């Protein structure tokens, strides 16, 4: 006879397997939404198949979608009650109302010790609760085509160089090599935020409300000017409508630009696509008068409320299992991710064992160092990442600055629109 659902909701993840063996259970089918922009779908499938070996009644089916589906359509689906049971998400605080609290399924003290630095990002200001396994600790930063700099006879700017220094250096590379553009940045308000903080963007007033200040304006105007002169290409920020995300991967892979502002999650993807085509490196993020700003963040594996206690328990059990150190170590290593686990950060990871080359290992080390700098110089980055309305400012940044780039608004009008959107 099937156990009462309220019993399942009170047991730990480790007890779920024993309960399943003690009494017959109906199969639980879970839908799992994932964006496979970085090739992680095949890896999570392996974990799901392994989980099924000890939880034979849990069937997990992947639904691979574009990243914009997760950003734009997933919240709508969850509001309508038609969302998946599991997903990798990046709007960590904004989706909090739909999360299953994992506290009954994990050792809460252990999770606080391991993931305490990122758990507040999922809580959206709530005092407690455990709402996800942080599958990837990320920071933003630049990739540089060393071969193009060498061919152009231009020196790589030293650590601590400003965004203006890098603009001038890439301007010279562009001139000497005939490249299409000098710099490209993902079409993302998250990617914009770190550089804006370098110029003094606080993002928050003393009372905690979002603000568009002089520092934000300064970098917004720089971004617009770089596009106007052709230093940044028209193919990314101006080319896509609304607040849609777009990346500069292909432009960097094809050597159309020598400098690409992206982030740590892309390291394995760069290695895979560049191969031996050219030498590349992760370099320290450019700076400004207020510091060297990067944005932390990443993705989290979460279980969603469905109104079905058995499905919620099964989904929460899988997330809890993935967050255990043994699985987490393998996951972070194979996906070339900076670990969010305190234990694994202390131990370090052997990325080479998963096929990472020297460039990837060095790149991840550089990104980790950038994260430490950000925590010291621009702590508002961590506050912004944990804000439940962080995506409001990210999306409005992209939408209205792109409108200015396309001539639909002046820069001043775009800034006013952004202020209005985040009030």
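The values are calculated or read from the model by the stated rules, or taken from the named source; none is laboratory data. Since the model is a prediction, treat every value here as computed from it, not as a measurement. As a convention, Cβ positions derive from the backbone with ideal geometry for all residues, glycine included, and neighbour counts pool all protein chains shown.
Quick rundown of the values:
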quantity	calculated
Identity of the residue in region 338-355, part of a loop (DSSP other than H, G, I, E, B) and out of contact with any helix residue (DSSP H, G or I) (no Cβ under 7 Å at 6 or more places or on another chain), that ends up nearest to residue 43 (Cα to Cα)	355
Single match in 165, 155 (criterion: free of Cβ contacts under 8 Å to residues at least 24 places away in the same chain and in the same structural domain as residue 402 (by TED's automatic domain parsing))	155
Region 122-135: number of residues that are surrounded by fewer than 24 Cβ atoms within 10 Å (Cβ to Cβ) and either in the same structural domain as residue 269 (by TED's automatic domain parsing) or not in a loop (DSSP other than H, G, I, E, B) (or both)	1
Count - residues of region 96-121 that are part of a loop (DSSP other than H, G, I, E, B) and at pLDDT below 95	3
In region 410-423, the residues that are outside any helix (DSSP H, G or I) and more than 14 Å from residue 217 (Cβ to Cβ)	423
Search result, residues across region 27-50 that are over 23 Å from the mean Cα position of the chain (by Cα) and either surrounded by 14 or more Cβ atoms within 10 Å (Cβ to Cβ) or over 28 Å from residue 309 (Cβ atoms) (or both)	28, 30
Filtered residue count, region 48-71, keeping only those that are farther than 14 Å from residue 32 by Cβ and either outside the structural domain of residue 37 (by TED's automatic domain parsing) or without any contact (Cβ under 8 Å) to a residue 12 or more places away in the chain (or both)	2
Filter result (surrounded by 19 or more Cβ atoms within 10 Å (Cβ to Cβ), touching a helix residue (DSSP H, G or I) at 6+ places or on another chain (Cβ under 7 Å) and at pLDDT 95 or above) within region 254-271	257, 258, 259, 260, 261
Those residues of region 272-287 which are touching a residue at least 12 places away in the same chain (Cβ under 8 Å) and either surrounded by 24 or more Cβ atoms within 10 Å (Cβ to Cβ) or out of contact with any strand residue (DSSP E or B) (no Cβ under 9 Å at 6 or more places or on another chain) (or both), in sequence order	272, 273, 277, 282, 285, 286
Tally of residues being part of a loop (DSSP other than H, G, I, E, B) and in contact with a strand residue (DSSP E or B) (Cβ under 7 Å, 6 or more places away or on another chain) across region 83-95	6
Number of the exception - residue 366 against (1) under 18 Å from residue 190 (Cα atoms); (2) modelled with pLDDT under 90; (3) in contact with a strand residue (DSSP E or B) (Cβ under 7 Å, 6 or more places away or on another chain)	(1)
Counted residues, region 217-242 - those being in contact (Cβ under 8 Å) with a residue 60 or more places away in the chain, in a loop (DSSP other than H, G, I, E, B) and surrounded by 22 or more Cβ atoms within 10 Å (Cβ to Cβ)	1
Selection from region 393-403 of residues that are more than 14 Å from residue 216 (Cβ to Cβ) and in contact (Cβ under 8 Å) with a residue 60 or more places away in the chain	395, 399, 402
The listed residue being at pLDDT 90 or above, surrounded by 19 or more Cβ atoms within 10 Å (Cβ to Cβ) and in a helix (DSSP H, G or I), out of 294, 319, 302	319
Total residues in region 100-128, condition over 24 Å from residue 369 (Cα atoms) and touching a helix residue (DSSP H, G or I) at 6+ places or on another chain (Cβ under 6 Å)	5
Only listed residue being out of contact with any helix residue (DSSP H, G or I) (no Cβ under 9 Å at 6 or more places or on another chain) and in the same structural domain as residue 39 (by TED's automatic domain parsing), chosen from 317, 307, 323	307
Residue tally, condition assigned to a loop (DSSP other than H, G, I, E, B) and under 21 Å from the mean Cα position of the chain (by Cα), over region 51-82	1
Some residue of region 108-115 being touching a strand residue (DSSP E or B) at 6+ places or on another chain (Cβ under 8 Å) and outside the structural domain of residue 292 (by TED's automatic domain parsing)	yes
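A quick yes/no check of all residues on (1) in a helix (DSSP H, G or I); (2) touching a helix residue (DSSP H, G or I) at 6+ places or on another chain (Cβ under 6 Å); (3) assigned by TED's automatic domain parsing to the domain that holds residue 225; (4) crowded, with 23+ Cβ neighbours inside 10 Å:
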residue	(1), (2), (3), (4)
171	yes, no, yes, no
176	yes, yes, yes, no
180	no, no, yes, no
184	no, yes, yes, yes
195	yes, yes, yes, yes
201	no, yes, yes, yes
206	no, no, yes, no
